[in-house]
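Below is one structure, written out as structure tokens, with a few remarks after it.
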Amino acid sequence: MLVGGLQKTSLLDYPKKIAAIVFTHGCNFRCPYCHNPELVEAYHESLDEKYVLDFLATRKGKLDGIVVTGGEPCLQKDLPDFMQQVKDMGFCIKLDTNGSQYPMLETVVNRGLADYIAMDIKAPLKKYESVVCTNVNLQNIEKSIKLIMSSGADYEFRTTVTQELLNPDDFDEIGKMVSGAKKYFIQKFVASKVLNQEFMEAHPFPDAEIEAAENYLKQHGVVEVNHR
């Protein structure tokens, strides 16, 4: 795997667990608000996978699990083998994904490698390509949502919101995409690091618009809706 970084401890990224975070290089999306822009390109100057596994071997009994994030981890052809090695050490695994690489996600799910899956839903389907700034196989997005909801793993869906890209009414369509989902987070855009520097001036949803978006999701049977 192309490992772009390792955060050795996190109390925030894996719900109710102490975890390390493994960052992978490379993403097929170009979301202008991306907060990990240094990971978008698939650089080959990466951490040795063995270094990561050796570190995890020293953390047995101290960490509950790991988060595999990116970039887009499902672009990594060695992802299942890496996750299996981590599982064999006794760790739980949370996988962050944009859902675009359905065949790899299906492999991970079918092998029972992900205990928790967090999928970013970027927009209603009609706006997807304009938000992620590239071509998208929209069928893969839809199939990934259904796969995650039926996987038996714990999961969440989430959307980062800015007024430049989305409006509250978009969550009526998004709600239809995830009808009956267990958990959804609406994430306020924070201008820290971005891929497109123009988005340092982007505007997050005000509270009233977040509430309106949450109401749309609830109308479509999403069980738990929160913002952060």
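The values are calculated or read from the model by the stated rules, or taken from the named source; none is laboratory data. Keep in mind that this is a model prediction, so the values were computed, not measured. When we count neighbours, we look across all protein chains shown, and the Cβ atoms used for this are built from the backbone with ideal geometry, even at glycine. Ligands, DNA and RNA are excluded from the accessible area calculation, which covers all protein heavy atoms including side chains. Shrake-Rupley method; radii C 1.70, N 1.55, O 1.52, S 1.80 Å.
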Just a yes or no: is a residue in region 210-218 open to solvent by 40 Å² or more (accessible area, probe 1.4 Å) and within 17 Å of the chain's Cα centre (by Cα)? no
Exactly one of these conditions fails for Ala191: (1) in contact (Cβ under 8 Å) with a residue 40 or more places away in the chain; (2) open to solvent by 40 Å² or more (accessible area, probe 1.4 Å). Give me its number. (1)
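Conditions tested, residue by residue: (1) touching a strand residue (DSSP E or B) at 6+ places or on another chain (Cβ under 8 Å); (2) of a type in the set (Asp, Glu).
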site	(1), (2)
Asp13	yes, yes
Ala19	yes, no
Arg59	yes, no
Val67	yes, no
Gln85	no, no
Ile93	yes, no
Ser100	no, no
Thr107	no, no
Gly112	no, no
Taking strands (runs of 3 or more DSSP E) that do not extend beyond region 133-228, which have at least 2 residues that are touching a helix residue (DSSP H, G or I) at 6+ places or on another chain (Cβ under 8 Å) and among the aromatic types (Phe, Trp, Tyr)? 154-161
Does Lys77 satisfy the condition of being basic (Lys, Arg) and either crowded, with 22+ Cβ neighbours inside 10 Å or within 29 Å of Gln139 (Cβ to Cβ) (or both)? yes
Inspect all residues belonging to region 115-124 and state whether any of them is out of contact with any strand residue (DSSP E or B) (no Cβ under 9 Å at 6 or more places or on another chain), open to solvent by 20 Å² or more (accessible area, probe 1.4 Å) and closer than 21 Å to Ala181 by Cβ. no
